[in-house]
């Protein structure tokens, strides 16, 4: 979250996470040490019923193995 427009809400979020013992950590800590175990994919344009315009969605690629 950038900026200070929602600083109070962000502080509340961190407080709630601490009370519920949910860890707040960088996304990099959720990655495996060996990236080759992750599925390969790319971001493509997609649509969502009821939503105007397009959005990005994941398309998994075949591993070829």
message: In whole Å, what are the extents of the chain along the principal axes defined by its C-alpha atoms, from largest to smallest?
response: 46, 38, 22
- line: Summing -39500 (n - 2.57) over every DSSP H run of at least 4 in the chain, dividing by its residue total and rounding to the nearest 500, the 222 nm mean residue ellipticity is -6500 deg cm²/dmol
message: Can you compute the FRET efficiency between residue 24 and residue 47 using 1/(1 + (r/R0)^6), with r the Cβ-Cβ distance and R0 = 30 Å? Round to the nearest 0.05.
response: 0.35
query: So, in nm, how far is label residue 33 from label residue 61 when the simple model puts each one 7 Å beyond its Cα toward the Cβ?
result: 2.6
- request: For helix 7-19, report the angle its Cα long axis makes with the longest principal axis of the Cα atoms of the chain; keep it between 0 and 90° and round to the nearest 10°.
  value: 90
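A short reminder: the numbers here are calculations on the coordinates, not readings from a lab. Since this is a predicted model, take the numbers as computed values, not measurements. Cβ sites come from the backbone with ideal geometry, for glycine too, and all protein chains shown count toward neighbours.
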